[in-house]
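K.L.:
Below you will find the structure I want to go over with you.
Every number here is computed from the coordinates shown, using simple stated rules; none is lab data. Source: prediction; values computed, not measured. No Cβ is skipped: glycine too gets one built from the backbone with ideal geometry, and neighbour counts run over all protein chains shown.
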């Protein structure tokens, strides 16, 4: 795996801690006994039919509701639910002090009862993901993706046999033991296009009002990253890409589980006329550095109807691409 320099520098300062945590999580994945033991003192993120349990803050953002295993057992007892439900929890990682982190879907329980007992709300991830902190959003995204994968892989697609998960939930095996399934992600290219002085952003009808983002699309079977990028730009806005540079990647939980590959691309300043495919995009337009810089200064999403243009949150890869482009423009580097 290639790590962008800025990320490599950050992780190298705490390499020993990172390696220790990764090896601990790997041990939990490989050993059912170790995972069972870790679950006894873990923290668990709750979902209901794949919607995460969140609390709204006074700043109009969201935060997760985390339960220690002992507290969740008490909660299940209060609700009259089977405490064995906790054993269906799926491992998603561990904290800096090696406290295991799990997720659990309680869709079999009455939603209102759980929300009342937890003082939280099961919230549509499409509405809340942009309002979670950069530290919590990846955990919620991973939890939702893994839970969805388990719910849709109860049977083996090759043999038709029922599948059974290991303790951590990192794999499923057919009942005959001949096929082992692992969670998969769909590759998606996301690209910020520039003509040298402006960048191109688009929006889908499903986006929050006023939000524009980088162009994105799924890679087709047999395509390289570069081929998928050129095709998507041609299909969505009718432009021909000249140069491509890779930036970074990110897991994205919607609609199911995607692997976002972030790139910058440039087009000729002489050929910038947009021919937007409105079956793909509601709108697409060029934005100047001044417009982008102003939008980057907005810290929280505006109230409905109060801003005609705003950007994805700081933890979204689209925001990272836009910030990189703006920084390069301010340094006089027009190649991004």
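K.L.:
Any idea what % of Cα-Cα pairs in the range 126-214 are farther than 24 Å? Walk me through the numbers before you get to the answer.
P.N.:
Values: 1796 of 3916 pairs.
Percent of Cα pairs beyond 24 Å in the range 126-214: 46.
K.L.:
Quote the Stokes-Einstein diffusion coefficient, in whole µm² s⁻¹, for the range 74-136, based on the Kirkwood radius over alpha carbon pairs, a temperature of 25 °C and a viscosity of 0.890 mPa s.
P.N.:
Details: Rh = 13.7 Å.
Reported coefficient: 179 µm²/s.
K.L.:
Quote to one decimal, in nm, the extra length available between residue 119 and residue 95 on full extension: 0.36 nm per residue of separation minus the C-alpha distance between them. Intermediate values should be presented prior to the final figure.
P.N.:
Details: separation 24, 0.36 × 24 = 8.64 nm, distance 2.36 nm.
Between residue 119 and residue 95, full extension yields 6.3 nm more.
K.L.:
Taking the Cα-to-Cβ direction at residue 173 and at residue 158 and moving 7 Å from each Cα, how far apart do the two end points lie in nm?
P.N.:
Rounded to a tenth, the inter-label distance reads 1.4 nm.
K.L.:
Using a 7 Å offset from the Cα along the Cα-to-Cβ direction at both residue 55 and residue 225, what is the distance between the two label points in nm, to one decimal?
P.N.:
4.0
K.L.:
Along the Cα-to-C-beta direction of residue 274, a point sits 7 Å from the Cα; which residues of the range 173-211 have their amide N less than 11 Å from that point?
P.N.:
Backbone N within reach: 199-204.
K.L.:
Rounded, prolate or oblate for the range 126-169? Axes are the square roots of the Cα gyration tensor eigenvalues, ordered a ≥ b ≥ c, and the cut-off for rounded is a/c under 1.5.
P.N.:
On the way: a/c = 5.36, a/b = 2.60, b/c = 2.07.
The shape class here is prolate.
K.L.:
Could you state the angle between the C-alpha long axis of helix 69-78 and the longest principal axis of the C-alpha atoms of the chain, as a value from 0 to 90 degrees rounded to the nearest 10?
P.N.:
The answer is roughly 70 degrees.
K.L.:
Quick check: the distance between the Cα centres of the range 137-159 and the range 167-244, to the nearest angstrom?
P.N.:
Value for the Cα centre distance between the two parts: 19 Å.
K.L.:
If each of residue 166 and residue 294 carries a label point 7 Å out from its Cα toward its Cβ, how far apart are those two points in nm?
P.N.:
5.4
K.L.:
For the range 28-134, max minus min Cα coordinate along each principal axis, in Å, sorted largest first?
P.N.:
Largest first, the range 28-134 extends 41, 33, 20 Å along its Cα principal axes.
K.L.:
Something else: Using 0.36 nm times the number of residues separating residue 314 and residue 283, minus their current alpha carbon distance, what extension gain do you get? Can you show the working numbers first?
P.N.:
Values: separation 31, 0.36 × 31 = 11.16 nm, distance 2.23 nm.
Between residue 314 and residue 283, full extension yields an extra 8.9 nm.
K.L.:
On a 0 to 90° scale, report how tilted helix 225-237 is relative to the longest principal axis of the chain, with both axes built from alpha carbons and the result rounded to the nearest 10.
P.N.:
With rounding to tens, the tilt is 60 degrees.
K.L.:
Taking the Cα atoms only, what angle lies between the long axis of helix 317-330 and the longest principal axis of the chain, rounded to 10 degrees?
P.N.:
30
K.L.:
Taking the Cβ-Cβ separation of residue 209 and residue 135 as r and a Förster radius of 22 Å, what is the calculated FRET efficiency to the nearest 0.05?
P.N.:
Details: r = 27 Å, r/R0 = 1.21.
That pair, residue 209 with residue 135, gives E of 0.25.
K.L.:
Moving on to the next point. How would 246, 182 line up from fewest to most surrounding beta-carbon atoms within 10 angstrom? Don't jump to the answer; show the numbers that get you there.
P.N.:
Working: 246 14, 182 9.
Fewest to most other Cβ atoms nearby, the residues stand as 182, 246.
K.L.:
Suppose the chain between residue 333 and residue 29 were pulled fully straight at 0.36 nm per residue; how much longer would it get relative to their current alpha carbon spacing?
P.N.:
Details: separation 304, 0.36 × 304 = 109.44 nm, distance 4.51 nm.
Gain in length upon complete extension: 104.9 nm.
K.L.:
Could you check what % of the DSSP bridge pairs in the chain are antiparallel, to the nearest 5?
P.N.:
Values: 42 of 57 bridges.
So the antiparallel bridges amount to about 75 percent of the total.
K.L.:
What whole number of Å gives the distance from the Cα centroid of the range 34-99 to the Cα centroid of the range 102-124?
P.N.:
10
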